[in-house]
Structures are given as C-alpha cells and as structure tokens.
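Contents: one structure, followed by commentary.
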Amino acid sequence: MKSTTESLSPTRVKLTIEVPFEEFQPSLDKAYKTIGAQITIPGFRKGKVPAAIVDQRIGRSAVLDEAINGALPGWYSEALQQAEIQPLSQPEIDLTKFSDGEDIEITAELDVRPTIELPDLAAIEVQVADAEVTDADVDEQIDALRDRFAVTLDVDRAAADGDAVTIDLVARDKDGADIEGADAKGLPYTIGSGTLLDGLDEALIGLDKGATTTFSTELVGGELKGTPVDVTVTLNDVKERQVADLDEEFVQTASEFDTVEELKADVRERLVRGKRMEQAAEARDLVLEEVVGTVEAPLPETVVAEELQGRREQIMQQLSYAGISFDTYLEDEGQTAEEFEAELERRVRDSIVAQFVLDQVVADSEIGIENDELTQHIIMQQATVKDASGTVLELGKLRADGSIADDEVETTDESADAEPEVSEESDKA
C-alpha cells in the first residue's frame, strides 16, 4: 500500500491511497469466512462453505463489499501514519477505483490543524494583579475557621441575627394560591446569611419559636424568577451559634499549630500561594489572548460548526437543569438571540485558535511536551509577566502548590535528601 497527500487548503488535505489487489486478498478471505459462518448451505458446516458456493448463493459483489468495508479503516489509519497527519474531522472517503482483480484506489478528504507562525513569545509583556495579602484577608480566613468550629446551643428567646434556625416555608401568589415547588419543610438556615429570599432575615429576627409570619418578596430562581409572592414562614427551632475565642486552646484544637502567631503565619503563606496561582492563571490567559489576537490561523469551518453546536447544546442542557428558559437567560444577560449566537461563535473561534497555538508550541518545542498545562507553563516562562507595581514575576518557577522554586535551595535540598554515609568508626562508637 502507498499513499500520497495533496493540500487542498491550509486546513484540509486529500489522501490518495493505492492498494495492490494481492494485498486485498487477506481481507477477501476473511470476508468469505465471515459470510460463510452466517449462511446455512445443505451439505456444508457453518464456516466451511467454499468460496465458489458463497459466490453462487450470495454473489461475489457482496463479498467484495464486505471485504472493502473491513479493510478501509486499516488502510486509512496507515495512510495517516505515513503522512504524519492528525485529523480534526471524520474523513470524506471515496472509492475511486475498485474492480475485481485490479488495484484499488481510495481518496479521503479531511480537516487538519494548520501550521501557525507564532510571534516571539519573549517579546510579549502582560500585567497581572498584585499578590498582596492583607491582615484583613488573614482575619477573614481565621474567622471562617472559627465559624466552622462553632457550636450551637438551645436558647429560650426570640430569634436573632446569626442564629441557626429550622423553618418551614410556603410561597403563594398574590391571589393566595400555593405555588408548586415553592415550599420547604424543616429547612436549616442561618439568620443573616442572605442565602435564600430577600426579606427572610428581617422576618425571622424577633420571631418566637413556633410562631408564623408572612412577608412579601420575589422568587429568585427557575421559570418564575422575579415573580412577586407572599411567603409564610414558621420558626420551628432556634439555636445560638457560639464561636470559639481565638486563643491557643482553639488553635491547638483546630490546627497543627500551637500559637495564634503560627496559625496566622501559615494562613498568610497559604493565601500568598493562592494569589500566585491566580496570577499564573491570569498571566496564562492574557498571554494566550495576546497570541490569539496576533496570529493568522485559518479555521476549518466544519470543526467550528461542530464545536459551536456542542457548546450550544451544553448551554441549553445547563439551562434545562437549572429550570431556566432560553428567553429568561437572554433577558438576564441583556442579549438578543442574534447577539448570543455572535458572542458564542466568537468564543468558539478564539478557543480553537488558542488550542492551535498550544499545539504549535508543542510542535516547535524540543522537549516532547503533551500536556496543555505544561505547554502553558512554557509560554509563561518565555513571556514577561509583571504585577501592578511593575515587578517582574518568575511564574515559570511556580510549583504546583503555589510556591516559587529556588534553584540554589532546590540543589541544597537534593543534597540533603541524599543517603548519608556512615563510617565504620561511627558504627563502632
């Protein structure tokens, strides 16, 4: 078998595959066995029917069709390997020459990745947000930790801000009719969290256990989002949440540290690492955006259409799960259907170009990187990334945990990790 490649466009090629008939013979023999095992001929066991009898009963053309259909995928795959082509779409295959006893010719047209001329990544400079961590940031994290270790105690008083309560809810329209699906029983809620309905916190504060009250609000989700309703809430249970004091006893209970200062230092370091990871993600996106905006990348329209359809179906499925109609979604986004489609297509095209850019980085790289994250890491190593103060960030040395690798320290660490030698004198000591 031999194949030739013809470029039809920067994103589409035509493979011509030529197969001598003698190379087709094994596929033909297999087809006879397959068909022979499926038919019943008096005087012959299944699978043992001679080829001549199969031709008489089924027809030679049926056997040829069976054989060619079985052989085509292997020939196509081998041709791709010979041409070193990575297809982006299913091929359009045409059997151009196929006569019994003669050489076979097949053509296959398919979409391929274009070759992209990348800009000088070292000339790209982007700016990301600072990785500053304030005392307030640290306090917020520690307060959240204290909140997770809070205990609840029964109280004999009216509900107050911060209490953990259990409630029943029933929503009715302005005509007094219950709204289907807009009710709940035994619902846990923390007063002041603001995670449910507007007006709920105000309705609960000052309410006694077992009491019921009604307030007006609007529904916040589903098909009836924004619908004015009257909500009747019953307070079933009230518990006061007590948050532990920030002292050494709490620190030793809630963490691996002994003192408040040690805990705060660890929280600050973790926040700094998280900020660095955010910087890296922002830098990656900005560098890719810069490259995507400058490269000339022809796109195969069949790939764009398939990706566009897939994205569209994904969005519709998510809206369906959320109980939101497409019209409601458009209203919330302030878009027309035409604007939605235009924006979706723009995002799809940009994402395909971005993937082509990453693929080209792989192709141009002297190290065989395959992972997108590694590719993006290579991009950040070459580009210049600064924070808002103008400081150049060494994000190319960023570890997976958000720490920055230090070449000298890493060399020292590797030496320290080596197995220490113990002399005989030491053993005898």
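Read-outs: derived from the displayed coordinates by stated rules, not from any lab. No experiment lies behind these values; they were computed from the predicted model shown. Every residue, glycine as well, gets a Cβ built from its backbone with ideal geometry; the counts of neighbours run over all protein chains shown.
Remarks
- At an R0 of 35 angstrom, the distance between the Cβ atoms of Glu140 and Ser320 translates into a FRET efficiency of 0.45.
- Dipole check for the stretch 277-340: with +1 at the C-beta of Lys and Arg, -1 at the C-beta of Asp and Glu, and the Cα centre as origin, the magnitude is about 240 Debye.
- The length gained on full extension between Asp173 and Asp327, counted as 0.36 nm times the residue separation minus their Cα-Cα distance, comes to 53.2 nm.
- For the stretch 107-205: rounded, prolate or oblate by the Cα gyration tensor [a/c cutoff 1.5]: oblate
- Shape of the stretch 1-160, Cα gyration tensor, a/c cut at 1.5: oblate
- When the Cα positions of Gln252, Leu288, Ala203 are compared along the charge dipole of the stretch 175-308, Gln252 comes out farthest toward the positive end, with charges on each C-beta of Lys, Arg, Asp and Glu.
- From phi via Karplus (6.51, -1.76, 1.60), per-residue ³J(HN,Hα) for the stretch 229-242 in Hz, x at Gly/Pro: 9, 10, 10, 9, 10, 10, 8, 8, 8, 10, 10, 8, 8, 10
- Relative contact order (%) - the chain, alpha-carbon pairs under 8 angstrom, separation at least six: 16 percent
- Selected from Gln90, Leu118, Gly70, residue furthest toward positive end of dipole (the stretch 60-121; charges at beta carbon): Gly70
- Each residue of the stretch 290-298 is assigned a 3J(HN,Hα), and the resulting list reads 5, 5, 4, x, 10, 7, 9, 10, x Hz, derived from the Karplus form 6.51 cos²θ - 1.76 cosθ + 1.60 (θ = phi - 60°), x at Gly and Pro.
- Across the stretch 109-139, the residues whose backbone nitrogen lies under 16 Å from the label position 7 Å along the beta-carbon direction of Arg268 are 131-139.
- Dipole in debye (nearest 20) - the stretch 195-289, about Cα centre, beta carbon charges: Lys, Arg +1; Asp, Glu -1: 320 debye
- Tensor-based shape of the stretch 270-324 (alpha-carbon gyration tensor, a/c under 1.5 rounded, otherwise prolate or oblate): oblate
- Under a model in which nothing but the beta-carbon of Lys, Arg (+1) and Asp, Glu (-1) is charged, the stretch 151-242 shows a dipole of about 180 debye around its Cα centre.
- Spacing of the modelled spin labels on Ala83 and Glu240, each 7 Å from Cα toward Cβ, amounts to 7.8 nm.
- Listed pairs Lys48/Lys97; Lys264/Lys386; Lys33/Lys97; Lys14/Lys97; Lys239/Lys264; Lys30/Lys97 exceeding 23 Å between Cα atoms: Lys48/Lys97; Lys264/Lys386; Lys33/Lys97; Lys239/Lys264
- Taken one residue at a time, the phi angles of the stretch 140-156 give Karplus couplings (6.51, -1.76, 1.60, θ = phi - 60°) of 4, 5, 5, 4, 5, 5, 4, 5, 5, 9, 5, 10, 10, 10, 5, 9, 10 Hz. Gly and Pro are set to x.
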